[in-house]
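Visitor: Structure incoming, see below.
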Amino acid sequence: MKRRSRLFAHDPGSTPHRAAAVRGRGAFASGGPLVDPQARRIRYLRVSLTDRCNYRCTYCMPEEGIDRIARADLLTLEEVATIVQVFAELGVERVRLTGGEPTVRRGLVELVAALAAIPIDVVLTTNGARLAEMAAPLRQAGLRGLTVSLDSLDPERFAAITRRGVLAEVLAGLDAARDVGFSGIKINTVAIRGFNDHELGELALWAWERGHVPRFIEVMPMSAGRLYVPGELMPAAEIRERVAVAAGAPLVSDSGEGVRGLGPATYWRVASGPHAGRRVGVIAPMTENFCASCNRLRLSAAGSLHSCLARDDAGDLRSVLRSAGPVALAARVRAVLGYKQSGHTFALDGQGGPDKAMISIGG
Ligand code: SAM
Ligand code: SF4
């Protein structure tokens with residue numbers, strides 16, 4: 001019978017080896033930082049903790065018939081911590097926990113604490129349904145940043161797009177997060193023509209009033225385009241126009257051609273008027289391709305390392321970790337990075353996307 005580690009006592013698959021966070025820095029990886037064949041430096045790792053979710057967003061997953069990762073194939077949380085430590089030693093500065101819905105993975109709070117101790121900047125993307133109860137422990141565990149998805153401020157429309165979400169729960173979660181000290185919470189809205197395009201301005205104003213940062217995402221043709229409707233795409237330029245109309249003033253790039261943080265968004269500020277200085281982010285893979293500045297890799301909940309959201313090729317880290325241990329991981333990571341392509345092949349008509357679903361890799 002497997003011995004449980006105390007650190008991840010709630011994790012059903014916990015393995016006996018001790019978590020990375022308790023080892024010394026530099027224990028596993030050597031060599032220089034991670035640089036891909038296009039000379040892009042990797043600074044950001046997105047980790048999917050589960051492919052399960054308490055919602056069923058229409059653009060993210062089909063209602064039925066998605067292949068699920070078997071429990072035995074999931075990385076344990078200790079394995080996740082070990083992998084993140086290797087990435088930290090390879091120069092990665094930030095890890096984003098995502099999914100699926102990361103808050104449905106048991107042991108999330110302990111994982112955040114272990115990762116924060118590596119140390120690495122730990123941030124989370126969530127649908128917010130469980131935030132009311134989890135915001136305080138997550139904050140205490142060392143979570144540095146929060147992104148909450150919110151596609152509509154209308155309860156019925158919110159329920160329709162999520163297929164089971166309760167808007168009031170998410171709003172309560174956002175209030176709780178702010179109350180325990182999270183600031184600059186990012187609100188992710190997928191902009192969908194014919195569904196919420198008329199709400200984009202209102203969402204921006206709503207977010208600003210509460211000190212949040214609204215961000216709008218162009219819908220992407222994941223799942224081989226099966227969930228994508230070309231006419232629903234709201235191009236970034238039109239998104240900015242809607243926000244500018246609501247703000248009553250033009251938007252200007254945050255600096256030069258649009259300043260970027262570590263993530264894929266470009267940021268814009270309201271130039272004048274009552275909302276002057278307010279920021280809005282736009283994530284525009286479809287019409288304002290940002291692949292040239294890509295700085296990230298993605299780890300699935302089953303331990304496969306994906307060099308691109310929009311492509312299916314991936315390398316298995318789980319088997320390397322289980323058979324050869326953490327030291328061999330760095331070499332595998334560099335091998336996967338060697339295949340990172342210069343860009344995605346998403347086309348506006350929905351062609352060119354990967355077979356994988358967003359829920360299975362994490363947005
Ligand atoms: N469950 C969490 C959530 O919803 O925030 C984290 C995972 S979710 C896959 C991450 C982000 O991807 C969400 O903001 C979601 O709206 C976005 N997303 C999902 N499918 C998408 C698609 N086809 N195009 C653009 N964004 C998508
Ligand atoms: Fe779940 Fe997030 Fe996908 Fe919605 S977008 S189904 S909340 S993983």
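Visitor: Quick check: anything in the range 97-107 open to solvent by 30 Å² or more (accessible area, probe 1.4 Å), more than 29 Å from Arg41 (Cβ to Cβ) and either among the polar types (S, T, N, Q) or more than 15 Å from ligand 1 (Cβ to nearest atom) (or both)?
Guide: Checked against the condition, which is being open to solvent by 30 Å² or more (accessible area, probe 1.4 Å), more than 29 Å from Arg41 (Cβ to Cβ) and either among the polar types (S, T, N, Q) or more than 15 Å from ligand 1 (Cβ to nearest atom) (or both), the range 97-107 yields at least one hit.
Visitor: Next question, about the same structure. Look at Leu143 and say whether it is away from ligand 1 (no atom under 13 Å from the Cβ), open to solvent by less than 10 Å² (accessible area, probe 1.4 Å) and in contact with a Phe, Trp or Tyr (Cβ under 7 Å, 6 or more places away or on another chain).
Guide: The answer is no for Leu143.
Visitor: If we keep just the residues of the range 113-128 that are open to solvent by less than 20 Å² (accessible area, probe 1.4 Å) and small (Gly, Ala, Ser), which is nearest to Ile187 (Cα to Cα)?
Guide: By that ranking, first place goes to Gly128.
Visitor: Pick from the range 146-157 the residues that are crowded, with 20+ Cβ neighbours inside 10 Å and farther than 14 Å from Glu101 by Cα: which of them is farthest from the chain's Cα centre (by Cα)?
Guide: Ser152
Visitor: Considering Glu110, Glu63, which residue is assigned to a helix (DSSP H, G or I) and open to solvent by 20 Å² or more (accessible area, probe 1.4 Å)?
Guide: The unique qualifying residue is Glu110.
Visitor: Let me ask something additional. Search the range 322-363 for residues being open to solvent by 50 Å² or more (accessible area, probe 1.4 Å) and in a loop (DSSP other than H, G, I, E, B), and hand back the single one that is nearest to Thr287 (Cα to Cα).
Guide: Leu348
Visitor: Is there a residue being within 16 Å of ligand 1 (Cβ to nearest atom) and within 14 Å of Ser360 (Cβ to Cβ) anywhere in the range 32-45?
Guide: Scanning the range 32-45 turns up no residue that is within 16 Å of ligand 1 (Cβ to nearest atom) and within 14 Å of Ser360 (Cβ to Cβ).
Visitor: Okay, next question. Could you give every pair whose Cβ atoms fall below 7 Å, whose first residue belongs to the range 227-247 and is within 11 Å of ligand 1 (Cβ to nearest atom), and whose second residue is part of a loop (DSSP other than H, G, I, E, B) and open to solvent by less than 20 Å² (accessible area, probe 1.4 Å), counting only separations of at least 6 or pairs across chains?
Guide: Every condition considered, the pairs that remain are Tyr228/Val219; Tyr228/Pro221; Tyr228/Gly350; Glu232/Val219; Leu233/Val219.
The values are calculated or read from the model by the stated rules, or taken from the named source; none is laboratory data. Keep in mind it's a predicted model, so treat the numbers as computed, not measured. Note that each Cβ is placed from the backbone with ideal geometry, even for glycine, and that neighbours are counted across all protein chains shown. Note: accessible area is taken over every heavy atom of the protein model, side chains too, but ligands, DNA and RNA are not part of it. Shrake-Rupley method; radii C 1.70, N 1.55, O 1.52, S 1.80 Å.
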